[in-house]
Amino acid sequence: MPVTDRRKAIVTGAASGIGAATLLELARAGYDVAGLDLNRAGVDEVARRAAHHGARSRGFTVDVTDEAALVAAFGAACDWLGGLDALATSAGVADTTPFMDVTVQRFRDVYAVNVIGTFVCLREAALHMKPGGRICTVASVAGLRGGGLSGTAAYAASKGAVLALTKNAARALAERGISVNTVAPGATLTPMIEQAWKNEAHRRRVEGMAVQNRTAAPEEIAKSIAFLLSPDASIVTGATLVADGGLVMY
């Protein structure tokens with residue numbers, strides 16, 4: 001299949017939630033897209049849907065905690081795309097273990113995906129991008145607020161690390177002409193949160209903390225990511241776009 005002159009993007013965590021919505025949003029916006037995810041069936045299905053928008057699209061199966069496999073997947077995806085203009089790092093895991101019950105191993109497991117996986121993606125993307133490349137990481141308002149629930153210690157700490165890592169990458173990669181920003185979503189209706197939302201009282205309490213008093217749709221977060229990846233955000237780097245319905249303004 002020939003390489004096109006469309007912009008080219010990789011999205012991690014593309015099988016569901018924010019990652020899937022981002023892959024589809026970028027396809028609609030004129031990108032050819034490669035989705036990376038551990039869920040082979042899921043990422044292949046999302047890639048198939050992206051093709052309906054005229055994009056060349058393909059899923060690649062990889063565990064972001066396996067450095068060698070992730071390096072190889074980036075190489076394969078960039079070869080298939082014929083280059084790389086944009087990266088969205090949506091792969092992540094949540095954790096609601098009560099603070100006093102969090103084990104060191106659980107902390108490491110969360111960091112392996114959310115922080116180290118993100119770092120490797122940033123590094124590998126930079127190796128394949130030319131000047132003008134754009135990267136958007138996915139953090140969380142939990143990283144800004146320190147969570148908000150006693151059972152988010154590992155998750156909040158990891159997302160705080162993503163915020164710091166993004167700013168550091170923006171400084172380090174500026175000399176390559178690459179911009180790096182992050183989106184910090186609030187409560188978003190992804191598979192991670194659907195189980196928690198079965199507790200109606202808990203859902204109402206969390207939603208009530210935000211001015212808009214609601215949960216975001218993954219597509220709303222995807223549009224914020226797509227903006228930061230677009231040429232329209234050419235002057236923006238090292239920034240955090242908070243997309244939380246007015247939660248952290250308190």
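The values are calculated or read from the model by the stated rules, or taken from the named source; none is laboratory data. Keep in mind that what you see is a predicted model, and the values were worked out from it rather than measured. A quick note on method: Cβ atoms are made from the backbone with ideal geometry, for glycine too, and the neighbour counts reach across all protein chains shown.
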Practice item. Scan segment 187-233 residue by residue and report those that are among the β-branched types (V, I, T) and closer than 26 Å to L23 by Cα. Key: T188, T190, I193, T215, I221, I225
Revision key, fill the gap. With criteria (1) touching a Leu at 6+ places or on another chain (Cβ under 6 Å); (2) farther than 20 Å from V62 by Cα, K159 comes up short on (1)
Point to revise | Pairs where the first residue, in segment 76-98, is under 13 Å from R134 (Cα atoms) and modelled with pLDDT of 95 or more and the second is assigned to a helix (DSSP H, G or I) and among the aromatic types (F, W, Y), C-beta under 8 Å, 6+ apart | key: none
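Residue-by-condition table, conditions (1) touching a strand residue (DSSP E or B) at 6+ places or on another chain (Cβ under 7 Å); (2) under 21 Å from V11 (Cα atoms):
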residue: A126; (1), (2): no, yes
residue: G132; (1), (2): no, yes
residue: T137; (1), (2): yes, yes
residue: R145; (1), (2): no, no
residue: A153; (1), (2): no, no
residue: L163; (1), (2): yes, yes
residue: T166; (1), (2): yes, yes
Revision key, fill the gap. Taking segment 1-54 and keeping residues of a type outside the set (A, V, I, L, M), surrounded by fewer than 18 Cβ atoms within 10 Å (Cβ to Cβ), farther than 21 Å from P131 by Cα and out of contact with any strand residue (DSSP E or B) (no Cβ under 7 Å at 6 or more places or on another chain) leaves P2, R28, N39, E45, R48, R49, H52, H53, G54
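Just name the residue that is surrounded by the fewest Cβ atoms within 10 Å (Cβ to Cβ) out of those in segment 78-94 that are touching a Ser or Thr at 6+ places or on another chain (Cβ under 7 Å) and not hydroxyl-bearing (S, T, Y). Show your work before the answer.
Start the filter on segment 78-94 by keeping residues that are touching a Ser or Thr at 6+ places or on another chain (Cβ under 7 Å), which leaves 88-91.
Going one step further and asking which of them are not hydroxyl-bearing (S, T, Y), we end up with 88, 91.
Values: A88: 32, A91: 26.
Once the filter is applied, the top-ranked residue is A91.
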Revision key, fill the gap. A69 vs (1) in contact with a helix residue (DSSP H, G or I) (Cβ under 9 Å, 6 or more places away or on another chain); (2) within 30 Å of R106 (Cβ to Cβ): all pass except (1)
Point to revise | Filter result (part of a helix (DSSP H, G or I) and among the small types (G, A, S)) within segment 51-104 | key: A51, A68, A69, A72, A73, G75, A76, A77
**Study point:** Of the criteria (1) surrounded by fewer than 19 Cβ atoms within 10 Å (Cβ to Cβ); (2) acidic (D, E); (3) closer than 21 Å to I225 by Cα, which one E124 fails
**Key:** (1)
